[in-house]
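Chemist: Let me begin by handing over the structure; questions about it come next.
The values are calculated or read from the model by the stated rules, or taken from the named source; none is laboratory data. Predicted, not measured: the structure shown is a model, and the values here were computed from it. Cβ placement follows ideal geometry from the backbone for every residue including glycine, while neighbour counts extend to all protein chains displayed. Surface accessibility is based on the protein's heavy atoms, side chains included, excluding ligands, DNA and RNA. Shrake-Rupley method; radii C 1.70, N 1.55, O 1.52, S 1.80 Å.
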Amino acid sequence: MRAPEIAESTEEERREYIRNTFKCIADCDMCGLCTVFRGKDPELAYVDYIMGKRDFLEVSGDYK
């Protein structure tokens with residue numbers, strides 16, 4: 001599933017997309033999300049996208 005476009009989605013839809021896409025599986029050695037997001041919760045890492053300030057790919061570029 002692609003990230004919802006800011007202009008075509010609500011804040012809650014974008015938040016739910018981030019929650020579903022970056023679920024914690026409670027196995028840091030297998031997952032690596034904590035390392036990618038430098039210890040931040042994905043909702044915090046993507047807050048600009050969730051709030052509609054920057055698109056998903058732009059925020060994702062911060063964590064490459």
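Chemist: Per-residue counts of other Cβ atoms within 10 Å, averaged by peptide: what ranking do you get for 36-45, 20-29, highest first?
Modeler: Sorting 36-45, 20-29 by mean packing, highest first, produces 36-45, 20-29.
Chemist: With a 1.4 Å probe and all protein chains left in place, how much accessible area per residue does the chain have, in Å²?
Modeler: Spelled out: the 1.4 Å probe surface of the chain, per residue, equals 72 Å².
Chemist: Still on this model: Please name whichever of Tyr49, Met1, Met30 sits farthest to the positive end of the charge dipole of the chain, dipole taken about the Cα centre and charges placed at Cβ: Lys and Arg +1, Asp and Glu -1.
Modeler: The residue sitting most towards the positive pole is Met30.
Chemist: On to the next question. Taking the Cα centre of the chain as the origin, how large is its charge dipole in debye, to the nearest 20, when only Lys and Arg (+1) and Asp and Glu (-1) carry charge on their Cβ atoms? Intermediate results must be reported in sequence, preceding the final value.
Modeler: Numbers: 10 positive and 14 negative charges, 39 e Å.
The calculated dipole for the chain is roughly 180 debye.
Chemist: Got a number for carbon plus sulfur as a percent of the chain's accessible area, 1.4 Å probe?
Modeler: 53 percent
Chemist: Helix 11-21: angle to the longest alpha-carbon principal axis of the chain, degrees 0 to 90, nearest 10?
Modeler: Between helix and principal axis, roughly 30 degrees.
Chemist: Evaluate the relative contact order of the chain (contact order divided by residue number), counting alpha-carbon pairs under 8 angstrom at least 6 apart; express in whole percent.
Modeler: Values: 47 pairs, mean separation 21.0, N = 64.
Rounded, it is 33 percent for the chain.
Chemist: Under a Cβ-Cβ cut-off of 15 Å, what is the net charge of the residues other than Leu33 that fall near it, where Lys and Arg count +1 and Asp and Glu count -1? Intermediate values should be presented prior to the final figure.
Modeler: On the way: positive: Arg19, Lys23, Arg38, Lys40, Lys64; negative: Asp27, Asp29, Asp41, Glu43, Asp62.
Neighbour charge sum, excluding Leu33 itself: 0.
Chemist: With runs of 4+ DSSP H residues as the only contributors, calculate the mean residue ellipticity of the chain at 222 nm using -39,500 (n - 2.57) per run, divided by the residue total and rounded to the nearest 500. Before the final figure, lay out the partial values.
Modeler: Numbers: 6 runs with 33 residues, N = 64.
My calculation for the chain gives -11000 deg cm²/dmol from helical runs alone.
Chemist: Still on this structure: Could you pull the Rg and Dmax for the chain, using just the Cα atoms, both in Å?
Modeler: 11.7, 37
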